[in-house]
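Peer 1: Can you keep this structure in mind? I'll have questions shortly.
The values are calculated or read from the model by the stated rules, or taken from the named source; none is laboratory data. Remember, predicted model here, so these are calculated numbers, not experimental data. All Cβ positions, glycine included, derive from the backbone under ideal geometry; neighbour counts span all protein chains shown.
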Amino acid sequence: MDSCSVLIVGGGPAGSSCARKLQQGGLDTIILDRSTFPRDKLCGGWITPAVIQELEIDAADYARGRVLQSITGFRTSRMGDAEIETDYGRTISYGIRRFQFDDYLLRRSGARLISGTPLKTIERSGDTWIVNREIQARLIVGAGGHFCPVARFLGADARREVAVATQETEFEMNPRQRELCSIRGEIPELYFCADMKGYGWCFRKGDFLNIGLGRLDPHSLPGHVSDFVQFLKKAGRIGFDLPSSMLGHAYLIYRETKRNLVDDGALLIGDAAGLAYSQSGEGIRPAIESGLLAAKAILAADGKYTRDRLEGYRGMLASRFGKSQADWSTRIGRRLPPRWMHSFARIMLATRWFSRHVVLDRWFLHAHEPALNA
């Protein structure tokens, strides 16, 4: 039976970021993932300079043979209304392909990798976990996304949670499709639904195009996705049919999460913890930061992985992301009648100041939050 100090279930950005810090701290770490990397991962796929700094990535080195699309602004609007283009005149974000990004982070983590193997069984024996009857670990970290088996073991029930549902596609455009696509790589486009319960996006990363839409009410998602694709065609953004059907996935946003994040010998990080930003649904930076904070708490526990010794992790999350509750804009939206909410959204999203300083700077870029290691 193999053994390690820490077993991380899930090799995405949260798991690999946590593993790297633990390895640097001298803890023998194994990452278990049901997929074989590199693997396809649907995601709008963009990271801010703060993520580059937190992960200590050499951007020039990463860009060799990989997509690292410089983003200097955004085009935003409520779908069908007048659009506002905000150009910062500098790189404020980068478009990445998760196929490449996740594999890069995983390979450089230094952790031992068991890939192509799902978590089938998990048992507790004293202060030790036994996984798949093959791996022993003192501590287990759940980093397996919304449906993480470790989260389920700790009591999470995805069927009873309020989650964002999305459908999206990412594909490499052929020469004809490139000619018929007016979306610019440096200016991604964001289009909010009339009721502000979701938004669609268009991200161009070199020759790759990612189109998708996410909403808080999953039952209406297919209709909104279809309408969004037709809107993009009518608006001249794409002059072709999408080459494949959109695929779906779900995630929790931080204001709605009620998962048990800490227990004896166990932690949840990333989407398994439900940490995506409440307004944008962006989850890469919160996932990475939760992985780094979890590693800090684990190293501070000094081998004693009881719940009280790991509880500091919960406090770190609260300090970084605030309390898990609705923000001011959500509280307003819940109190306004739908007709008023539609009017409020139309007016505010047509305002250049609101689009830049609230929608982009605060909701999407979180420019007011410095990198953890700043």
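Peer 1: Return the residue satisfying two criteria in turn: it lies in the range 274-302 and is farther than 23 Å from E56 by Cβ and over 8 Å from the mean Cα position of the chain (by Cα), and of such residues it is surrounded by the fewest Cβ atoms within 10 Å (Cβ to Cβ).
Peer 2: Checked the range 274-302; the qualifying residue surrounded by the fewest Cβ atoms within 10 Å (Cβ to Cβ) is D302.
Peer 1: Could you tell me which of the residues G212, G239 is farther than 19 Å from V141 by Cβ, surrounded by fewer than 21 Cβ atoms within 10 Å (Cβ to Cβ) and not assigned by TED's automatic domain parsing to the domain that holds C18?
Peer 2: Sole residue among the options that is farther than 19 Å from V141 by Cβ, surrounded by fewer than 21 Cβ atoms within 10 Å (Cβ to Cβ) and not assigned by TED's automatic domain parsing to the domain that holds C18: G239.
Peer 1: Return a yes/no flag: does the range 19-27 have any residue that is modelled with pLDDT of 95 or more and charged (D, E, K, R).
Peer 2: Yes, because at least one residue in the range 19-27 is modelled with pLDDT of 95 or more and charged (D, E, K, R).
Peer 1: Now a separate question. Got at least one residue in the range 21-37 being buried (at least 21 other Cβ atoms within 10 Å of the Cβ), touching a residue at least 60 places away in the same chain (Cβ under 8 Å) and under 14 Å from the mean Cα position of the chain (by Cα)?
Peer 2: The answer is no; no qualifying residue exists.
Peer 1: Answer with yes or no whether F228 is assigned by TED's automatic domain parsing to the domain that holds L349, of a type in the set (A, V, I, L, M, F, W, C) and within 19 Å of P243 (Cα to Cα).
Peer 2: So F228 passes the test.
Peer 1: Related question: Scan the range 137-151 for residues that are surrounded by fewer than 16 Cβ atoms within 10 Å (Cβ to Cβ) and in contact with a Phe, Trp or Tyr (Cβ under 7 Å, 6 or more places away or on another chain) and report the count.
Peer 2: 0
Peer 1: Quick one: which of G95, G11, G44 is of a type outside the set (V, I, T), buried (at least 20 other Cβ atoms within 10 Å of the Cβ), touching a Phe, Trp or Tyr at 6+ places or on another chain (Cβ under 9 Å) and at pLDDT below 95?
Peer 2: Checking each option against the conditions leaves just G44.
Peer 1: In addition: For residues that are part of a loop (DSSP other than H, G, I, E, B) and modelled with pLDDT of 95 or more, tally how many sit in the range 122-132.
Peer 2: Adding up the residues that qualify gives 1.
Peer 1: Got a number for residues in the range 243-276 being among the β-branched types (V, I, T), under 20 Å from I8 (Cα atoms) and outside any loop (DSSP other than H, G, I, E, B)?
Peer 2: Of the residues in that region, 1 qualify.
Peer 1: Would you mind listing the strands (runs of 3 or more DSSP E) fully within the range 148-224 where at least 2 residues are without any contact (Cβ under 8 Å) to a residue 40 or more places away in the chain?
Peer 2: Once the strands (runs of 3 or more DSSP E) in the range 148-224 are filtered for at least 2 residues that are without any contact (Cβ under 8 Å) to a residue 40 or more places away in the chain, what remains is 198-205.
Peer 1: Across the range 177-200, which residue is nearest to R237 (Cα to Cα) among those that are small (G, A, S) and touching a Ser or Thr at 6+ places or on another chain (Cβ under 9 Å)?
Peer 2: Checked the range 177-200; the qualifying residue nearest to R237 (Cα to Cα) is G185.
Peer 1: For the condition among the hydrophobic types (A, V, I, L, M, F, W, C), in the same structural domain as L292 (by TED's automatic domain parsing), modelled with pLDDT under 95 and surrounded by 18 or more Cβ atoms within 10 Å (Cβ to Cβ), what is the one hit in L154, L106?
Peer 2: Exactly one residue qualifies, and that residue is L154.
Peer 1: Quick one: in the range 132-159, of everything that is among the basic types (K, R) and more than 21 Å from R314 (Cβ to Cβ), which residue is nearest to the chain's Cα centre (by Cα)?
Peer 2: R159
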